[in-house]
1. List pairs: first residue in segment 7-22 and closer than 11 Å to SER54 by Cα, second residue assigned to a helix (DSSP H, G or I) and at pLDDT 95 or above anywhere in the structure, Cβ distance under 6 angstrom, at least six positions apart or on different chains.
2. On the given criteria, is ILE50 within 25 Å of ASN83 (Cα to Cα), surrounded by 17 or more Cβ atoms within 10 Å (Cβ to Cβ) and modelled with pLDDT of 95 or more?
3. Just wondering, is there one or more residues in segment 2-16 that are basic (Lys, Arg), crowded, with 16+ Cβ neighbours inside 10 Å and within 30 Å of ASP120 (Cα to Cα)?
4. Given PHE92, PHE96, which one is in a loop (DSSP other than H, G, I, E, B), free of Cβ contacts under 8 Å to residues at least 60 places away in the same chain and outside the structural domain of GLU44 (by TED's automatic domain parsing)?
5. Give LEU121, LEU98 a once-over and let me know the one that is surrounded by fewer than 12 Cβ atoms within 10 Å (Cβ to Cβ) and farther than 18 Å from SER42 by Cβ.
6. Just checking, which of TYR58, TYR72 is on the phi < 0 side of the Ramachandran plot and modelled with pLDDT of 95 or more?
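The values are calculated or read from the model by the stated rules, or taken from the named source; none is laboratory data. Here the structure is a predicted model, which is why all the values come from computation and not from measurement. Cβ placement follows ideal geometry from the backbone for every residue including glycine, while neighbour counts extend to all protein chains displayed.
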Amino acid sequence: MKQYTVTTTENLRTLCIKNGWFKCGSNKQYEKLFRANELVFSIEEIATIIWLCSDEEYCDILLKLREERIDYWKRMFGIENANQTYKVVDIFGKNFKLTFKQIVTLLAASDYESIKGIYDLDGNTVWEYECE
C-alpha cells in the first residue's frame, strides 16, 4: 500500500485549490509539496510548506490536513465512523482498543509497520500487515 502523509497527490492538490492555498508559491515549490507528501514527511512539515506559500493561518491549515488524512484512511479501509473503536494487534502480540482516529495517528507514524492487524470488536479483519 502506497503511503502518503495526508492523502493522495490528486486529493492534496484539490484540497489546496479548494482552500486557496499555495497562491504565493511557484510550480517548483508545489511539486516539492507533493514530493514531501509522498516521502511521508510529518503532517506538521506539510502544513509548514503550505503555510509558507499561503495567506492562511498555520493552525487552520494543519487542522484541515488532519481532517483530510482521517478521511483518506477512512476511504482506504471502508470505515464510516472515525470514532468507532477497533482492536489493534502489534507485532509483539499486544492488543489495544483504539478509535479509528487514534489508529490513523499510528498508521501515519514512521513505525506503522509495528501494527500487525486491525480488527473490529467482533474479531473480523479490517486490515492485516502483508510482508512484501
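1. What qualifies is TRP21/ILE50; PHE22/CYS16.
2. For ILE50, the condition - within 25 Å of ASN83 (Cα to Cα), surrounded by 17 or more Cβ atoms within 10 Å (Cβ to Cβ) and modelled with pLDDT of 95 or more - is not met.
3. So far as segment 2-16 goes, no, none of its residues is basic (Lys, Arg), crowded, with 16+ Cβ neighbours inside 10 Å and within 30 Å of ASP120 (Cα to Cα).
4. PHE92
5. None of the other options fit; the residue is LEU121.
6. TYR58
This table checks each residue for (1) within 11 Å of the chain's Cα centre (by Cα); (2) more than 16 Å from THR9 (Cα to Cα); (3) touching a residue at least 60 places away in the same chain (Cβ under 8 Å).
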{"residue": "GLN29", "(1), (2), (3)": "no, no, no"}
{"residue": "ARG35", "(1), (2), (3)": "no, no, no"}
{"residue": "ALA47", "(1), (2), (3)": "no, no, no"}
{"residue": "CYS53", "(1), (2), (3)": "no, yes, no"}
{"residue": "LYS74", "(1), (2), (3)": "yes, yes, no"}
{"residue": "ASN81", "(1), (2), (3)": "no, yes, no"}
{"residue": "VAL88", "(1), (2), (3)": "no, yes, no"}
